[in-house]
1. Name the residues in region 15-29 that are open to solvent by less than 30 Å² (accessible area, probe 1.4 Å) and more than 16 Å from the chain's Cα centre (by Cα), would you?
2. Which of the residues that make up region 91-113 are open to solvent by 50 Å² or more (accessible area, probe 1.4 Å), at pLDDT 95 or above and either outside any helix (DSSP H, G or I) or farther than 14 Å from residue 54 by Cα (or both)?
3. Filter region 48-69 down to the residues that are of a type in the set (A, V, I, L, M, F, W, C), over 17 Å from the mean Cα position of the chain (by Cα) and crowded, with 17+ Cβ neighbours inside 10 Å and list them by number.
4. Can you confirm whether region 75-88 contains a residue that is of a type outside the set (D, E, K, R), within 18 Å of the chain's Cα centre (by Cα) and either in a helix (DSSP H, G or I) or surrounded by 13 or more Cβ atoms within 10 Å (Cβ to Cβ) (or both)?
5. Scan region 28-71 for residues that are within 19 Å of residue 108 (Cα to Cα) and polar (S, T, N, Q) and jot them down.
6. Look at region 137-154 and say how many of its residues are in a helix (DSSP H, G or I) and of a type in the set (Asp, Glu).
7. Please go through region 1-14 and pick out each residue that is open to solvent by less than 80 Å² (accessible area, probe 1.4 Å) and assigned to a helix (DSSP H, G or I).
8. Examine region 144-161 for a residue that is surrounded by 14 or more Cβ atoms within 10 Å (Cβ to Cβ) and modelled with pLDDT of 80 or more, and state whether such a residue exists.
Amino acid sequence: MRSGYSLAQIGLHWLIALMIPVQYLTGGSIERTHHAVHMGVTPSSWDVVQHHLHNYAGITIGLLMGVRLVLRLLRPPETRASGTWFERAATALHHAFYAAIIGQAFMGLVASYFWFGIAPYHVVGSRIILAMVALHFAAAAWHTLVARDETVDRMLMPRRKPSADNLQSGQH
């Protein structure tokens with residue numbers, strides 16, 4: 001049996017992966033909108049649309065990442081024990097993704113609706129997440145092109161449930 005993630009975990013991973021670039025593409029509209037309002041000018045309608053898209057997509061990403069976290073806790077991926085520093089670093093990066101993305105969504109919510117003073121930390125958080133995404137891409141490329149292992153396959157194809165024959169014979 002190939003170890004891996006469930007179809008729901010895979011779908012959520014790729015949905016969030018598609019939504020994260022939206023945040024980077026629309027983030028500048030927030031500063032432009034707030035600057036225009038501060039200067040007593042009506043912000044452009046396109047900036048207002050992007051501002052709302054950024055806010056609601058960010059809240060959605062935070063909620064979806066929360067669902068991913070619950071699924072991961074309920075059905076963790078079947079992996080071998082982390083022994084090498086590389087495997088421990090990969091585990092730490094995945095845990096950091098959950099914390100950073102959920103924290104980023106929370107800071108965005110607070111900045112948008114409660115206290116704008118947290119916005120500079122939200123900007124720093126976006127840069128940290130961008131660096132984490134770059135590292136994640138590099139690791140995926142390394143697994144695919146150098147190690148040539150099935151690590152990336154786990155996030156492309158759902159895990160198979162063990163068959164009754166495999167369970168009886170003690171195979172997993």
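1. Within region 15-29, 26, 27, 29 meet the criteria.
2. 99, 102
3. Of everything in region 48-69, nothing turns out to be of a type in the set (A, V, I, L, M, F, W, C), over 17 Å from the mean Cα position of the chain (by Cα) and crowded, with 17+ Cβ neighbours inside 10 Å.
4. Yes, that holds for at least one residue.
5. 29, 33, 50, 55, 60, listed by residue number.
6. Applying the first criterion (in a helix (DSSP H, G or I)) to region 137-154 yields 137-147, 152-154.
Imposing the further condition that a residue be of a type in the set (Asp, Glu) reduces the set to 153.
Total satisfying the criteria: 1.
7. 8, 9, 10, 11, 12, 13
8. yes
The values are calculated or read from the model by the stated rules, or taken from the named source; none is laboratory data. This one's a predicted model, so the numbers in the text were calculated from it and none came from an experiment. As a convention, Cβ positions derive from the backbone with ideal geometry for all residues, glycine included, and neighbour counts pool all protein chains shown. Protein only, heavy atoms only, side chains kept; ligands, DNA and RNA dropped before computing areas. Shrake-Rupley method; radii C 1.70, N 1.55, O 1.52, S 1.80 Å.
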